[in-house]
1. Excluding residue 35 itself, what net charge comes from residues whose Cβ is under 13 Å from its Cβ, given Lys and Arg +1 and Asp and Glu -1?
2. Near the amide H of residue 96, under 5 Å away, which other amide H atoms are found, from residues 5 or more places off or on another chain, if H is placed in the peptide plane?
3. Test of understanding: in a Gaussian network model of the chain with alpha carbons linked when under 10 Å, which of 101, 85, 75 would top the mean-square fluctuation ranking?
4. Among (i) 1.08; (ii) 0.95; (iii) 1.00, only one was calculated for this model; which label is it, if the read-out is Rg/Rh (Cα atoms, Kirkwood Rh)?
5. Go through region 151-162 residue by residue and turn each phi into a ³J(HN,Hα) via Karplus (6.51, -1.76, 1.60, θ = phi - 60°); whole Hz please, and just put x for glycine and proline.
6. On a C-alpha basis, how far is the centre of region 7-40 from the centre of region 160-174 in Å? Whole number, if you could?
7. Helix-only mean residue ellipticity at 222 nm, the chain, DSSP H runs n ≥ 4 weighted -39,500 (n - 2.57), per residue, nearest 500. What is it?
8. Would you look at the GNM of the chain, springs on alpha carbons closer than 10 Å, and say which of 74, 51, 98 moves the most?
Amino acid sequence: MIVDDHTIVRRGLLGILAKAPDLSVVGEAGGIGQAKQVITAQLPDVVCCDLKLQDGDGSSLVAWIRDRTGANALVLTTYDEPALVRSALGAGARGYLLKDVEESLLFDAIRRVASGQTYYATALSTRISYDLAHDALLTQRELEVIKLAAAGATNTGIGQALGIGEPTVKTYFTRIFAKLGVSSRTQAVVAAIDRGYLDRSALYHS
C-alpha cells in the first residue's frame, strides 16, 4: 500500500511498482485517517509511507501499523534529518528510503520488509546500524517525554500531557538516560539535541 499526500507521487509509484510482477498495490491514501481505513480493509503486507501527510506525522501512522496490524512499514520520503529517521524507526518502521532511490532497490526493499527483514538507504545505514546495535533508538513515547522535558515540563506536567502517572514518567527517563548514556534531565536534553532527536528550537527559554 502507498501512503503519500501528493497524488502525483502516488501515481508515479503505481507506475513504477507495476513493473515488478511479484508486487501488487492493494490501496493508496493521502492521510492517516484514510490510510487506517484502507489498511484495515485490504490488509497489505507492506505500507510505503511518507512522513509528512495531510493530517499529521507519518511516524504516528507507523506506530499504529506496528501496534494494530500485521503489516510492516517502509518509510519512503525526501526527509533525511536524524530526528525524523530516529522517530520513524522508534515508531517501528522496518525500512527507511529516500525518494531518489533506484527502482530496483525499492523493489528489493519492499520484498525484504515484507519478509520481516530491515532495509535502509545506504546514506543512512551506518548511523542506523550503530543505534540498533547499541539498542540506542528512542521509542516514540520516549521522544515525546524528552521533547516535553526540553520544553520545560516537570514530571507531573509530562504525565498530565501524556496521560500517564508520574512513576511511569520516571521509568521513561531511566530508559532515556541509559540509551543516551547520561544521568540527568539536562544532560539527556543536550544529548538528544546532539544526536539529532531534537532541534534546539524545542528548548524552553525563560
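1. Details: positive: 10, 36, 68; negative: 4, 5, 28, 50, 55, 57.
Value of the local net charge: -3.
2. Under 5 Å from the amide H of residue 96: 75, 119, 120, 121.
3. Looking only at 101, 85, 75, the largest GNM fluctuation is found for 101.
4. Recomputing Rg/Rh (Cα atoms, Kirkwood Rh) here gives the entry labelled (iii).
5. So the Karplus estimates, Gly and Pro as x, are 7, x, 6, 7, 4, 5, x, 5, x, 5, 5, 9 Hz.
6. Centre-to-centre (Cα) distance: 37 Å.
7. Working: 10 runs with 111 residues, N = 206.
The helix contribution divided over the chain gives -16500 deg cm²/dmol.
8. Of the options given, 98 has the highest mean-square fluctuation.
The values are calculated or read from the model by the stated rules, or taken from the named source; none is laboratory data. Keep in mind it's a predicted model, so treat the numbers as computed, not measured. For neighbour counting, all protein chains shown are included, and Cβ atoms are generated from backbone atoms with ideal geometry for every residue, glycine included. Surface accessibility is based on the protein's heavy atoms, side chains included, excluding ligands, DNA and RNA. Shrake-Rupley method; radii C 1.70, N 1.55, O 1.52, S 1.80 Å.
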